[in-house]
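Trainee: First the structure, which I've put down as structure tokens, then a few questions once you've had a look.
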Amino acid sequence: MPISLSKLVDKIKPSFTLQMTARAAALREKGVDVINFGVGEPDFNTPPHIIEAGQNAIKDGYTKYTPGSGMLELKEAIQTKINNMTGILYETNQIIVSSGGKQSLSVACQALFEDGDKVIVFSPYWVSFPEFVRLSGAEPLLIETLPKQQFEPDFDDLHKKIDSSIKGVIINSPSNPTGGVWSDEAITKILEISKANNWIVISDETYEELVYDREFTAIDNLNEVDAELLTIRSMSKTYAMTGWRIGYATADPTIVKAMSKIQGQTTSCPNAIGQKASVAALLGDQGPILDMKKKFKERRQVMFDALNSLDGVYCDMPGGAFYMFPDFSSYLNKETKDGKILRDTFDLSDYILNTANVVTVAGDGFGAKGYLRLSFATSSEIIKNGIKRIEKSLKELK
């Protein structure tokens, strides 16, 4: 008897970024010297004082369930962190801790949206944004951005597509995949439009600490119109804690209560050990984070110079995160040695992996034809070597 799956399975797309990571791992297991520019996490280990806090949590017996929305000690640490950054003091009933920022976003969409709703997603987008919206029953409404302006919103396109079925908007600055950092003016404009149309603004600020050319401005400090706001933050990128799976969100208590209700029925509570380690991360020595940021900034320059030395490739300097998003469109529709035509960036990314043993991520998967995403979360030496390999492969195209 054939297995019958729900329509939801067909409705959402698999994570192709994770697929590329799996392909790289499989090649490495075969002994292939693979350079991975597809990685979406810091290459540094979690700082020692955070690891020690996790070890102590195990020794001290913090291995049981915690409150479903997170332990009070961590919520108070989050209060302190956000207050130090923004001057705003959130109450603990405005904070929910989740198993990573990804869960916070997914649960937020389930709590806020339903069938018949539309949610604005700016393209290029992180691969999970449209899928979180679809999982809630709503539909993503894609809005174009301006590549020459850090991929800020194209407000002309936005105004053309506004209708009464829109219930919210998701923004992400600094951005995955582009690394773009939006101006305060652009974010303020989104807040003003959202307030006028009664939309909720979900701001994914996962990369808040990785802004290189100016101070980061939290959306909380730009919300003078008092638009409905839900902000997502994470321990993963800032503290090199991707595997600890701790993220958190701030919002109106009614929204946090609804999210807690859903989360309690799915994962019971976030990882207790990760929560204790996160307290140490937020309240402890921030020196290692500043060191990581300094190294990322150096690598950013190395990759920027290397990419822009390639014939037919153009890349703007991203303001944040650890991604470059160069335009490789001049290599589309070219022919490989074995006669294959590179129709899109999935083809191009596969070609580079097969001929150069370098992992990149196809821009088509982020809603951006002609682009590739490359991560500079690796050493400068590896960056230079990887770009040289790509250059050699590109020169072999007809």
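The values are calculated or read from the model by the stated rules, or taken from the named source; none is laboratory data. No experiment lies behind these values; they were computed from the predicted model shown. Here Cβ is always computed from backbone atoms with ideal geometry, including for glycine, and neighbour counts include all displayed protein chains.
Trainee: Taking only region 274-288 into account, find how many residues are surrounded by 19 or more Cβ atoms within 10 Å (Cβ to Cβ) and out of contact with any Asp or Glu (no Cβ under 6 Å at 6 or more places or on another chain).
Mentor: Of the residues in region 274-288, the ones surrounded by 19 or more Cβ atoms within 10 Å (Cβ to Cβ) are 274-282, 288.
Going one step further and asking which of them are out of contact with any Asp or Glu (no Cβ under 6 Å at 6 or more places or on another chain), we end up with 274-278, 280-282, 288.
Summing the residues that are surrounded by 19 or more Cβ atoms within 10 Å (Cβ to Cβ) and out of contact with any Asp or Glu (no Cβ under 6 Å at 6 or more places or on another chain) in region 274-288 gives 9.
Listed here are the residues, each with its yes/no results for (1) hydroxyl-bearing (S, T, Y); (2) modelled with pLDDT under 95; (3) outside the structural domain of Y323 (by TED's automatic domain parsing).
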{"residue": "P2", "(1), (2), (3)": "no, yes, yes"}
{"residue": "I12", "(1), (2), (3)": "no, yes, no"}
{"residue": "F16", "(1), (2), (3)": "no, yes, no"}
{"residue": "A25", "(1), (2), (3)": "no, yes, no"}
{"residue": "E41", "(1), (2), (3)": "no, yes, yes"}
{"residue": "H49", "(1), (2), (3)": "no, no, yes"}
{"residue": "Q55", "(1), (2), (3)": "no, no, yes"}
{"residue": "S69", "(1), (2), (3)": "yes, no, yes"}
{"residue": "L74", "(1), (2), (3)": "no, no, yes"}
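Trainee: Report, by residue number, each residue of region 4-21 that is surrounded by 11 or more Cβ atoms within 10 Å (Cβ to Cβ) and assigned to a helix (DSSP H, G or I). Before the answer, list the steps.
Mentor: First pass over region 4-21, keeping only residues surrounded by 11 or more Cβ atoms within 10 Å (Cβ to Cβ): 11-13, 15-21.
Scanning region 4-21 gives K11, F16, T17, L18, Q19, M20, T21.
Trainee: Tell me which residues, restricted to region 206-237, are among the hydrophobic types (A, V, I, L, M, F, W, C) and assigned to a helix (DSSP H, G or I). Explain how you work it out, then say what you get.
Mentor: Our first condition is that a residue be among the hydrophobic types (A, V, I, L, M, F, W, C); within region 206-237, this holds for 210-211, 216, 218-219, 222, 225, 227, 229-230, 232, 235.
Of everything in region 206-237, those that are among the hydrophobic types (A, V, I, L, M, F, W, C) and assigned to a helix (DSSP H, G or I) turn out to be I219, L222.
Trainee: State the number of residues belonging to region 238-291 that are in a helix (DSSP H, G or I), touching a residue at least 60 places away in the same chain (Cβ under 8 Å), within 16 Å of K102 (Cα to Cα) and not polar (S, T, N, Q).
Mentor: Final tally of qualifying residues: 6.
Trainee: A further question follows. Report whether or not S203 is in a loop (DSSP other than H, G, I, E, B) and at pLDDT 95 or above. Explain how you work it out, then say what you get.
Mentor: Numbers: in a loop (DSSP other than H, G, I, E, B): no; at pLDDT 95 or above: yes.
Considered against the rule, which asks whether it is in a loop (DSSP other than H, G, I, E, B) and at pLDDT 95 or above, S203 comes out as no.
Trainee: Do we have D364 as in a helix (DSSP H, G or I), free of Cβ contacts under 8 Å to residues at least 24 places away in the same chain, crowded, with 18+ Cβ neighbours inside 10 Å and in contact with a helix residue (DSSP H, G or I) (Cβ under 6 Å, 6 or more places away or on another chain) here? Steps first, answer last, please.
Mentor: On the way: in a helix (DSSP H, G or I): yes; free of Cβ contacts under 8 Å to residues at least 24 places away in the same chain: yes; crowded, with 18+ Cβ neighbours inside 10 Å: yes; in contact with a helix residue (DSSP H, G or I) (Cβ under 6 Å, 6 or more places away or on another chain): yes.
Considered against the rule, which asks whether it is in a helix (DSSP H, G or I), free of Cβ contacts under 8 Å to residues at least 24 places away in the same chain, crowded, with 18+ Cβ neighbours inside 10 Å and in contact with a helix residue (DSSP H, G or I) (Cβ under 6 Å, 6 or more places away or on another chain), D364 comes out as yes.
Trainee: Same structure, new question: Six or more apart or on different chains, Cβ atoms under 7 Å: show the pairs whose first residue is in region 312-325 and closer than 16 Å to R299 by Cβ and touching a residue at least 60 places away in the same chain (Cβ under 8 Å) and whose second is in a strand (DSSP E or B) and among the β-branched types (V, I, T).
Mentor: G319/V211; G320/V211
Trainee: Would you kindly identify the strands (runs of 3 or more DSSP E) lying entirely within region 94-186 that contain at least 3 residues that are aliphatic (A, V, I, L, M), assigned by TED's automatic domain parsing to the domain that holds Q19 and buried (at least 22 other Cβ atoms within 10 Å of the Cβ)? If you could, list the steps in order and put the result at the bottom.
Mentor: Values: elements: 95-98, 118-123, 139-146, 166-172.
In region 94-186, no matching strands (runs of 3 or more DSSP E) lie anywhere.
Trainee: Taking A306, is it in contact with a helix residue (DSSP H, G or I) (Cβ under 8 Å, 6 or more places away or on another chain) and small (G, A, S)? Break it down stepwise before answering.
Mentor: Values: in contact with a helix residue (DSSP H, G or I) (Cβ under 8 Å, 6 or more places away or on another chain): yes; small (G, A, S): yes.
Answer is yes for this residue.
Trainee: How many residues does region 45-75 hold that are surrounded by 19 or more Cβ atoms within 10 Å (Cβ to Cβ), β-branched (V, I, T) and closer than 18 Å to M292 by Cβ?
Mentor: Looking only at that region, the number is 2.
Trainee: Please specify each residue of region 321-336 satisfying the condition of being crowded, with 21+ Cβ neighbours inside 10 Å, of a type in the set (S, T, Y) and out of contact with any strand residue (DSSP E or B) (no Cβ under 6 Å at 6 or more places or on another chain). First the steps, then the outcome.
Mentor: Initially, region 321-336 is screened for residues crowded, with 21+ Cβ neighbours inside 10 Å, giving 321-326, 328, 331.
If we keep only those that are of a type in the set (S, T, Y) as well, we get 323, 331.
Once the filter is applied, which keeps residues that are crowded, with 21+ Cβ neighbours inside 10 Å, of a type in the set (S, T, Y) and out of contact with any strand residue (DSSP E or B) (no Cβ under 6 Å at 6 or more places or on another chain), region 321-336 yields only Y331.
Trainee: Please state which of the following conditions M317 fails to meet, knowing it meets all the rest: (1) surrounded by fewer than 20 Cβ atoms within 10 Å (Cβ to Cβ); (2) assigned by TED's automatic domain parsing to the domain that holds G168; (3) among the hydrophobic types (A, V, I, L, M, F, W, C).
Mentor: Going through (1) surrounded by fewer than 20 Cβ atoms within 10 Å (Cβ to Cβ); (2) assigned by TED's automatic domain parsing to the domain that holds G168; (3) among the hydrophobic types (A, V, I, L, M, F, W, C) one by one, M317 breaks only (2).
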